[in-house]
1. Answer yes or no: is there a residue in segment 45-63 that is within 16 Å of ligand 2 (Cβ to nearest atom) and either modelled with pLDDT under 95 or assigned to a loop (DSSP other than H, G, I, E, B) (or both).
2. Quick test of your reading of the structure: residue 37 fulfils all but one of (1) surrounded by 15 or more Cβ atoms within 10 Å (Cβ to Cβ); (2) away from ligand 1 (no atom under 16 Å from the Cβ); (3) at pLDDT below 95. Name the failing condition by number.
3. Please list, ordered by first then second residue, the pairs with beta carbon atoms under 9 Å, 6 or more apart or interchain, first in segment 320-339 and outside the structural domain of residue 301 (by TED's automatic domain parsing), second open to solvent by less than 50 Å² (accessible area, probe 1.4 Å).
4. For segment 150-161, name all the residues that are out of contact with any helix residue (DSSP H, G or I) (no Cβ under 6 Å at 6 or more places or on another chain) and of a type outside the set (Gly, Ala, Ser).
5. I'd like the full set of residues that are without any contact (Cβ under 8 Å) to a residue 24 or more places away in the chain and closer than 20 Å to residue 252 by Cβ, limited to segment 348-366.
6. Anything in segment 233-242 that is buried (at least 20 other Cβ atoms within 10 Å of the Cβ) and out of contact with any Ser or Thr (no Cβ under 6 Å at 6 or more places or on another chain)? List them, or say none.
7. Determine which member of the set 27, 82, 66, 56 is in contact (Cβ under 8 Å) with a residue 12 or more places away in the chain and out of contact with any His (no Cβ under 9 Å at 6 or more places or on another chain).
8. Take the residues in segment 243-286 that are in a loop (DSSP other than H, G, I, E, B) and open to solvent by less than 50 Å² (accessible area, probe 1.4 Å), then tell me which one is farthest from residue 312 (Cα to Cα).
Amino acid sequence: MATMKADFDSVSIQRPELAASYLGLLASQPGRPLALFGPRRLGKTWFLDQDLTPAARERGWLPVYADLWLQRGAPLAAINHALEEALDDASVPAQAAGKLAKTPVTKLSALGVSVDLGAAPSRRKLPEAPELRFDALIQRLHAAAGRPILLMLDEAQALAEGSAASAEALAGSLRAVLHKRRQQVHAVLTGSSPDALAQLLATAGAPMYHFAQVLNFPALGDEFLKALAEQYGRVHKGRKPLLDDLRQLFERLGHKPALMRDVVKSMSAEGETDVQRGFAKYLADERHVAGWRALIDTLGPLERGLARAVAAGQAPLGQATRQQLGQLPGVGAAPTVGKVRAALERLRKLGVLTRSGTPQVEDPFLQAWLLGRPPV
Ligand SMILES: Nc1ncnc2c1ncn2[C@@H]1O[C@H](COP(=O)(O)OP(=O)(O)OP(=O)(O)O)[C@@H](O)[C@H]1O
Ligand SMILES: [Mg+2]
C-alpha cells in the first residue's frame, strides 16, 4: 500500500500563472507590497515555496523567505536573520573571488606601502538596531546579488502582535525601508488572520493600509480535485468519485488540500467511491480524531459544550446558548458572560478556536467531528 500512499501524496498543483500575476503586480508598483490572506492550511506557504520562489528566480529576482512566527515577538529579527543568511549565500563565492582579485591592488596601493596582504577588506559592521540593520541588509544584499530581492514574509500577522504602539512602529519602519529601497526589494506578506491585519490597519496612523495591496489568496480549484480523482481511478481501474461530490466536500473542509487528500486517500484504501459515505467513515475512524480527542478530553464540561456550540454556529455569549450550557451535566447553572468569555479564551489558546475575531472552530475537520458528537 505504500506506493499507493506515495502517489496520493505526490498529487500537487502548480500555479505558475498566479505567481506570474503577483510578480507582475509587484513590478508595476514598486514599494507597495502584496498582502495575501487566506485561512490556515490553505496552501499559502506551499505556494511561496513551490510557485512564487521559482517564478521569482525565473524573472531574475532573488527570493528570500522569512517565517515571522519563528521569532515570536521579534518579527524584524526574523526578517533580518533571513536576509543575513541570504547575504552569506550571495557573498561567499563573491568574496572568495574578490580576495584573489584584490590582493595585488592592495600591494600597489596609492602610497606604495604594502598593507596587510591577505586580509579581506572588512566592511563596516551592521547596525545593531533592528530597523537600521534591516535597511543596511537590504542594501548590501542587493549589492551582493546584483538583482532585485523578493522578500516573502510568511505569517505576517505576527507584525500585529504585541502592543498597538509597537506594532505600529514596526509597520512604520517596514514601510519606510520598503519604500526607500523600492528599486531594490519587492515584498509579499502572507497571513492567516485578516483580523490581526485589520487590527493593525485600524490603529491610528494605520501605516500598513495605504501601502500594502491586500488580496485574498485563492484556494485550489477543480484541478486539484481532478488530480485526486485521477489518482483514485489509477488505483481502482477507472472507478472514481464524482467531481461534484468532491467539490462539495472540499468546500466543507474549508478548501484545505492536505485534509482533502487524506480523506480521498482513506476512501481509496477502503475502495469507497461515494464521497459522503467515505467522509462519514473517515470521521468515525478513531485514528483520524485521536489528536483532537485527546485535547477535547482534557477540557472541562463548559469548554467542551462551548466548542460544540460554536461548531454549530451558535452565538457563544447569547442567553439561549448560556442557558443550554447550564443544562449540561457538570456545568450546573447557566454560566455568566464573563465565564463564557474566559472559556472562549482558553479554547483559543488551545488552538480549538480561531485566535482572533468571531470565534470559530479553527479546523473544519474538528468542526465536523464536534457536530457529530453528543454535547458532553
Ligand atoms: N498546490 C498544492 N498542491 C498540493 N498540495 C498542496 C498544495 N498547496 C498546499 N498543499 C497541501 O496543504 C498543506 C498545507 O499547506 P500550507 O502549509 O502551505 O498552508 P498554509 O496556508 O501556509 O497554512 P498556515 O496558515 O497554517 O501556515 C501542505 O502541506 C500540502 O500538503
Ligand atoms: Mg503557512
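The values are calculated or read from the model by the stated rules, or taken from the named source; none is laboratory data. All values reported here derive from a predicted model rather than from experimental measurement. Note: ideal-geometry Cβ built from the backbone for every residue, glycine included; neighbour counts use all protein chains shown. For accessibility, only protein heavy atoms count, side chains too; no ligands or nucleic acids. Shrake-Rupley method; radii C 1.70, N 1.55, O 1.52, S 1.80 Å.
1. Checked against the condition, which is being within 16 Å of ligand 2 (Cβ to nearest atom) and either modelled with pLDDT under 95 or assigned to a loop (DSSP other than H, G, I, E, B) (or both), segment 45-63 yields no hits at all.
2. (2)
3. Partner pairs satisfying both residue conditions: none exist.
4. Initially, segment 150-161 is screened for residues out of contact with any helix residue (DSSP H, G or I) (no Cβ under 6 Å at 6 or more places or on another chain), giving 151, 153, 155-156, 161.
Scanning segment 150-161 gives 151, 153, 155, 161.
5. 358
6. We begin by selecting, within segment 233-242, every residue buried (at least 20 other Cβ atoms within 10 Å of the Cβ); these are 240-241.
Once the filter is applied, which keeps residues that are buried (at least 20 other Cβ atoms within 10 Å of the Cβ) and out of contact with any Ser or Thr (no Cβ under 6 Å at 6 or more places or on another chain), segment 233-242 yields only 240.
7. Values: 27 fails: out of contact with any His (no Cβ under 9 Å at 6 or more places or on another chain); 66 fails: out of contact with any His (no Cβ under 9 Å at 6 or more places or on another chain); 56 fails: out of contact with any His (no Cβ under 9 Å at 6 or more places or on another chain).
That would be 82, the only listed residue that is in contact (Cβ under 8 Å) with a residue 12 or more places away in the chain and out of contact with any His (no Cβ under 9 Å at 6 or more places or on another chain).
8. From segment 243-286, those in a loop (DSSP other than H, G, I, E, B) are 253-256, 271-274, 285; that's our starting set.
Right, trim to open to solvent by less than 50 Å² (accessible area, probe 1.4 Å) and you get 253-254, 256, 271-273, 285.
Numbers: 253: 15, 254: 15, 256: 20, 271: 31, 272: 28, 273: 28, 285: 21 Å.
The extreme case among them is 271.
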